[in-house]
Each structure stands twice: as C-alpha cells, then as structure tokens.
Amino acid sequence: MRNILSYAVLAVFFLGMGCDQVEDDTLLVQTEELLFVSGDQVRVSGRVISGQSLLLEDHGFYLSENADFSSSKVISLGAKDGPGRFIGEMSGLNAGSDYFIQSFMNLKGEVIFGNVVEFTTLSAAVDSFAPNFAVPGEEMIILGRNFTADTRVFFGEEPAEVLEVRLESLIRVRIPASQVRVVAVRVISQGNELVFDEPFEYQSGSVELVSEFPEAIRLKDNVFFQNPMGFWIGLGLANGSEFISYFQRYQPESNQWEKISFLGDPRSFAFATEQYLGGGELEVAREQLEPEFSFYRLGENGFQRLEDLDFVSRDSKAFEVNGDLYLLGSQIGGPPYFRKYEASSGSWSVLPSPPELFNASHVHFVKDQQVYLISSENTLWTYHVQSETWAEVGQYPGTLGLGYGMGQVIGEKAYVGLYRRSGELWELDLNTLEWKSKNSLPPIPQALLVGHFQHDGFLYLMRGSEVPLPGDLPMKLYKYDPEGI
C-alpha cells in the first residue's frame, strides 16, 4: 500500500512539472533601425527573435526603390547560428532617392521577412573651398557633405584630378590648367551639379618677347622714361665701364628702334621723367667721378638746357605730377631732402622732409594726385601733392631684392616688383589696397630691370643681367599681359 502511494505522489509531481514548462515557439525577424544614411550608403540593423535554438541558412536585408520590392537588391549576411542582432550595409545608392528596406531570414528553405522601413538618401551639398586664388598644380580642399565616390570637380570646363574623397565631406583636388582667368568651381556627384557662388581666380600674367635692344650691350645706372614719342632708354654705363651719350627710343606700335643723340655730357645715376632730365655723375678722369649739375627739359624740339641745379642729385627719386617735377633724397649722404621744380615759374622750392629716406632704388607710382612709394622696410607710403601730406597705408608683401624695382599703373591697378635679383611681381588694387601675386617672368641670372613702361594695358619690360653672359645676348624687351593666362 505504501509503495502504491509513493508512485502516485511521483506521478503527480512529474505531471505538474510538465504543465509548468510550456514550449516557446516565438520566431520572427525585425528591421530595427537605420544606423547610417548618406548620399550613396546605408547601414541598418536587424534582429532574429526566437525562443529556440536555430540554424539559419541565410539572413540579411532586401533593398528596393519600390514599395512592393519588385526589383530588389539583397544584402546577404550568410548563415547564422541562433537568434540575435545583425547589421548590414550597402553602397552605390542614388543620392536624394527614396528606398525601402526589410530584414529577412531563411530557415530550412523558408524565407521569412521582417517589417519594412522607408528612408531617403541624402543629397550632396557644398560649403566652401580653399584657396580661391592659386596657380595650376596646387591642391584645393573642398568642404561639404554627402559626396559620393564618383564625385568629379571642374574648374569652368576643365576637369580637375580628384586626389581623395574623405568621409564624404572633404574633397582634395589638383587645380588644372586653364585658359580662363576667373572660373566657376563645379562639383558633380552622381550627375547632380553643384556650383559655388564664389568664383576661383587663377594667378595671371603672360609674357611675350617682342624685341631686343639694338646693341649687344649690358646697360647699368642708366635712365629711362616714357612720353608720347615712345620708350626711352639711355645714358649710364655700357658693359659696366663705358659711358654712353645717347638714347635708344622704341615705338611699340611699329616695333621699331631709333637712336637719339644727347648733346649734354654722358652721365650715370641721373634722374629722368617724361619732361625732365638732370643730375647724376660724370667721369672727369679715369675712375674719377664728379657730380653733374646740368638740367634739361625735353620737348618737341629735343632737350632744352635749363638753369643748372644748385644741389647735388645722384640717384634721386624723380616723378612728375601736373607737369611739376619732384626730387627725393640722395645717396651722397646727409639728411634726406625733398624738392619741387615748378614748371610755370621755373623755380625750385624745398618741401618738408619725407618720413623716410627715398631715392631711385625705391619703387614709386603715381595715381591722380597721389604718389605711392615703398620704403626699405616694405612700408607703402602715399604723398598727396596738394596737401603736401604723407600717410602710411600698407605693406608691400614681396621681397625687395637689391632695390630698383618697377612701379606702373594701369587703370585702377598698380604693378610692383622685379627688383634686382628678384622675379616677384605683384598687383595692387588701388581702391581696396589689396595685393595679389602675378606670374613671374623667365629667369635671368642676376636679373637687372633696365627700363619699364606701360602701353594699351600692357607692361613693357627691358631686362638684362648684371653679369656677363656667354655669347651675343642683347637685352630683351618683354610684353607682359597682367590678365593673361
């Protein structure tokens, strides 16, 4: 009897256990969340939920541009052992397009799908680029977002070499050559064109050899000037030792030279402007130099001698404004001076001393009533002839070399540079006083700027070398287009 009761108790116990352990037959797959969406990529998570152990033959996602998934791409992640989370990724999508994605799993040949999630890929956008002024071959950085791997960049119509697309937000390109100075920067991503509002500007300046000096000599310490009769270059020393007593005059329209005699004494370190010439030094005996005081005015009938100077002028800075002559400084020594010759009265007057010592080695240029000078410390000064006042207005960004550079004005721009042994050339906007670098000229060993002029929007530059060069190499006259590429 006792044994029967024991078996009955055990039977009830095991029967109770069987009733408590109900088998969990849950089995589904979910599309959880979009982890990352860009212009051409999506990363999404899914999850297999099951109360049983299982072995999936495949799992992943279906992706389609249609809600009915009639044309789908499959992100297959392969076999999976057991439930849990999984992540899939696909690239090569179309930017700015609508897509539908759903998870799936394949269990014993039966494909089970999860819920559908709709999303839109992002469109590319541009923010900025740098630099906005450069030369071909330099690198540019373009910043924006959602740049796809097939992104292309154009400068106007010229394609650029794309060096890198980083994190879909940065593009490195190499700036291509162009025949156009100012161009639009265009970014094309999956056929979608994005154009910056701000244009890109190429550093400009093209050069053309137009003539040579009529004689195979090297001039130094000469004078040069320009008037309606042409470009004048003369006096000074030929080949470093021989004084010359004439000018060579060039006509840019005819590309012809003419030799013009000078009846005065040959000299070096004189001053010369459109209408005036004088001062300097002359050789009175072998290697013995003395100041020259003669002073001339140039008119239609040639050089007319005026009353001699009563002061020493050697390598003075000379310029004309309103027909009057201004002279600055001297390399003889002593304090700086500033003098004015008034054409109407034929008399000289002394002006207040300038803020710094200026002479012929310093660049100057004239615009209306303003005279601009660049000091030995790169300071840009202005002198207003009516108020007789000086003002410091900026800094020259280039190198000064050994002095004796160029200053010319064309329209609202000034062109400065080409100092001795320096090939730099800069453009100054006279309205904003902002500087831009220009393309340099062909290099010449120890280059010397013998004369500089402007005509019809072009610069004309006579260049030579301070040192003897092998062969018969006359000085060369270049025509420089500031806007050329």
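The values are calculated or read from the model by the stated rules, or taken from the named source; none is laboratory data. Values in this document were obtained by computation on a predicted structure and should not be read as measured data. With ideal geometry, Cβ positions are generated from the backbone for all residues, glycine too; neighbour counts draw on all protein chains shown.
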Out of the residues in segment 186-198 meeting the condition of being without any contact (Cβ under 8 Å) to a residue 24 or more places away in the chain and part of a loop (DSSP other than H, G, I, E, B), tell me which one is farthest from residue 436 (Cα to Cα). 191
Can you find a residue that is of a type in the set (A, V, I, L, M), in the same structural domain as residue 279 (by TED's automatic domain parsing) and crowded, with 17+ Cβ neighbours inside 10 Å anywhere in segment 341-350? no
Going by what's in this entry, would residue 306 be described as modelled with pLDDT of 95 or more, in contact with a Lys or Arg (Cβ under 9 Å, 6 or more places away or on another chain) and under 21 Å from residue 390 (Cβ atoms)? no
Checking residue 251 against (1) under 37 Å from the mean Cα position of the chain (by Cα); (2) within 23 Å of residue 466 (Cα to Cα); (3) of a type outside the set (Gly, Ala, Ser), only one condition comes out false. Which one? (2)
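Quick grid of which residues meet (1) among the aliphatic types (A, V, I, L, M); (2) part of a loop (DSSP other than H, G, I, E, B); (3) at positive phi; (4) crowded, with 16+ Cβ neighbours inside 10 Å:
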position: 104; (1), (2), (3), (4): no, no, no, yes
position: 111; (1), (2), (3), (4): yes, no, no, no
position: 114; (1), (2), (3), (4): no, no, no, yes
position: 123; (1), (2), (3), (4): no, yes, no, no
position: 128; (1), (2), (3), (4): no, no, no, no
position: 136; (1), (2), (3), (4): no, yes, no, no
position: 142; (1), (2), (3), (4): yes, no, no, yes
position: 147; (1), (2), (3), (4): no, yes, no, yes
position: 150; (1), (2), (3), (4): no, yes, no, no
For residue 448, indicate whether it is modelled with pLDDT under 95 and closer than 24 Å to residue 230 by Cβ. yes
Regarding segment 429-445, can at least one residue be identified that is within 14 Å of residue 363 (Cα to Cα) and at pLDDT 95 or above? no
I need the full set of residues from segment 227-243 which are aromatic (Phe, Trp, Tyr), out of contact with any Lys or Arg (no Cβ under 6 Å at 6 or more places or on another chain) and buried (at least 20 other Cβ atoms within 10 Å of the Cβ), in order please. 231
Going through (1) of a type in the set (A, V, I, L, M); (2) surrounded by fewer than 14 Cβ atoms within 10 Å (Cβ to Cβ); (3) within 41 Å of the chain's Cα centre (by Cα) one by one, residue 318 fails only at (2)
Just to be sure I understand the filter: pairs with C-beta atoms under 6 Å, separated by 6 or more residues or on different chains, first member in segment 401-420 and of a type in the set (Val, Ile, Thr), second member surrounded by 16 or more Cβ atoms within 10 Å (Cβ to Cβ). Which pairs pass? 409/365; 410/454; 416/363; 416/407; 416/426
Of those in segment 309-322 that are of a type in the set (Asp, Glu) and closer than 27 Å to residue 405 by Cα, the residue modelled with the highest pLDDT is 320
What pairs can you find where one residue is in segment 45-66 and farther than 19 Å from residue 115 by Cα, the other is assigned to a strand (DSSP E or B) and not β-branched (Val, Ile, Thr), and their Cβ atoms are less than 6 Å apart, with a gap of 6+ or different chains? 55/81; 57/106
Tabulated pairs, segment 271-286, first modelled with pLDDT of 85 or more, second surrounded by 16 or more Cβ atoms within 10 Å (Cβ to Cβ) and among the β-branched types (Val, Ile, Thr), C-beta under 6 angstrom, 6+ apart or interchain: 272/223
Kindly indicate the residue of segment 176-185 that is hydrophobic (A, V, I, L, M, F, W, C) and in a loop (DSSP other than H, G, I, E, B) and also modelled with the highest pLDDT among those meeting that condition. 184
Inside segment 232-242, the number of residues satisfying the requirement of being in a strand (DSSP E or B) and more than 18 Å from residue 360 (Cβ to Cβ) is 2
Residue in segment 280-292 that is surrounded by fewer than 15 Cβ atoms within 10 Å (Cβ to Cβ) and touching a Leu at 6+ places or on another chain (Cβ under 9 Å) present: yes
In segment 152-167, what count of residues is obtained for those that are without any contact (Cβ under 8 Å) to a residue 12 or more places away in the chain, in a strand (DSSP E or B) and not acidic (Asp, Glu)? 2
Please go through segment 207-226 and pick out each residue that is exposed (fewer than 14 other Cβ atoms within 10 Å of the Cβ) and either without any contact (Cβ under 8 Å) to a residue 12 or more places away in the chain or part of a strand (DSSP E or B) (or both). 208, 209
Within segment 182-198, restricting attention to residues that are touching a strand residue (DSSP E or B) at 6+ places or on another chain (Cβ under 7 Å) and crowded, with 16+ Cβ neighbours inside 10 Å, which residue is nearest to residue 425 (Cα to Cα)? 183
How many of the residues making up segment 54-81 are among the acidic types (Asp, Glu), under 21 Å from residue 34 (Cβ atoms) and over 50 Å from the mean Cα position of the chain (by Cα)? 1
Residues in segment 93-100: is at least one surrounded by fewer than 15 Cβ atoms within 10 Å (Cβ to Cβ), assigned to a strand (DSSP E or B) and either in contact (Cβ under 8 Å) with a residue 40 or more places away in the chain or not acidic (Asp, Glu) (or both)? no
